[in-house]
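**Q** For reference, the structure I am asking about is given below.
The values are calculated or read from the model by the stated rules, or taken from the named source; none is laboratory data. In this text, all values refer to a predicted model and were calculated from it rather than measured experimentally. Every residue, glycine among them, receives a Cβ derived from its backbone with ideal geometry; neighbour counts consider all protein chains shown. These area figures cover heavy atoms from the full protein model, side chains too; ligands, DNA and RNA do not enter into them. Shrake-Rupley method; radii C 1.70, N 1.55, O 1.52, S 1.80 Å.
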Amino acid sequence: MKSALSQVAADLRGLPVHFAHSPFGPAAVHVVGRAGSPLAWLDVFIHEEDLRALVQELPQHLHARPLWTVWPERQCPLPLDWTWGFQEARRQIFPRQGVYCPSDRLEPTTACAHPDPAVLDARQLGMLAYLYELVGHGQAWGNAAD
């Protein structure tokens, strides 16, 4: 029987990443983006059961529009907190040297906290905007601040 890594190895080779088993890391597989590639920021450990999700999800992250192209469409009242949420979504999914969390498991209501409800809402809206970028590449979704 093939290991989970060998089942997705061909798909991973098609992406600009390096990958290997990691006997000492917090999860079984270590994936690092290739230098000079759009995934150069990637440096995560992955549980074997999440490898298939990673292979399916990485191209969506590559095609997600950058913050400065999404923000003008959203018009959230607290721009700095909305921006924090937008960027925090990717940091929660791909924590540097941490364990990958598939985007369908990311829960904005628990991923960010703040005592001010307006700030909390803006951060959650930013996180949702990033997740919407993954799902529909920003095309099928309306204004997340509505």
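**Q** Under 5 Å between amide hydrogens, which residues at least 5 positions from SER22 or on another chain qualify, with H placed 1.01 Å from N in the peptide plane?
**A** Sorted by chain and number, the residues that satisfy this are VAL29, HIS30.
**Q** Then there is this: In whole Hz, what ³J(HN,Hα) sequence does the range 126-136 give by Karplus (6.51, -1.76, 1.60; θ = phi - 60°), x for Gly and Pro?
**A** x, 5, 5, 4, 5, 5, 5, 4, 5, 6, x
**Q** Search the structure for amide H atoms under 5 Å from the amide H of LEU42, placed 1.01 Å from N in the peptide plane, and list their residues when 5 or more places away or on another chain.
**A** Residues meeting the amide H criterion: GLY33.
**Q** Under the rule of at least 5 residues apart or a separate chain, name every residue whose amide H is placed under 5 Å from the amide H of VAL17.
**A** Sorted by chain and number, the residues that satisfy this are ARG34.
**Q** Mind listing the phi-derived Karplus ³J(HN,Hα) values for the range 43-59, rounded to whole Hz, using 6.51, -1.76 and 1.60 with θ = phi - 60°, and x for any glycine or proline?
**A** Once θ is set to phi - 60°, the couplings for the range 43-59 become 7, 9, 9, 9, 6, 4, 6, 9, 4, 4, 5, 4, 4, 6, 8, 4, x Hz.
**Q** Another question, then. Report the net charge of residues surrounding PRO66, where surrounding means a beta-carbon distance below 12 angstrom and charges are Lys +1, Arg +1, Asp -1, Glu -1. Intermediate values should be presented prior to the final figure.
**A** Numbers: positive: ARG65, ARG90; negative: GLU133.
Charge balance near PRO66 sits at +1.
**Q** Separate question: By its C-alpha gyration tensor, with a ≥ b ≥ c as the square roots of the eigenvalues, how is the range 1-58 shaped: rounded for a/c under 1.5, else prolate for a/b larger than b/c, else oblate?
**A** Taking the square roots of the gyration eigenvalues as a ≥ b ≥ c, the range 1-58 is oblate.
**Q** I've got another one for you. Quick one: Karplus J couplings for the range 65-73, per residue in order, coefficients 6.51, -1.76, 1.60, θ = phi - 60°, nearest Hz, x for Gly and Pro?
**A** 5, x, 3, 5, 8, 7, 3, x, 7
**Q** If you roll a 1.4 Å probe over the heavy atoms of the protein chains, what accessible area per residue do you get for the chain, in Å²? Let's see the in-between values first.
**A** Values: 7830 Å² over 146 residues.
Computed with neighbouring chains in place, this is 54 Å² per residue.
**Q** Got a number for the accessible area of CYS76? Probe 1.4 Å, square angstrom, nearest 10.
**A** 10 Å²
**Q** At 222 nm, what helix-only mean residue ellipticity would the chain give, in deg cm²/dmol to the nearest 500, using -39500 (n - 2.57) for each DSSP H run of four or more?
**A** Mean residue ellipticity, 222 nm, calculated: -15000 deg cm²/dmol.
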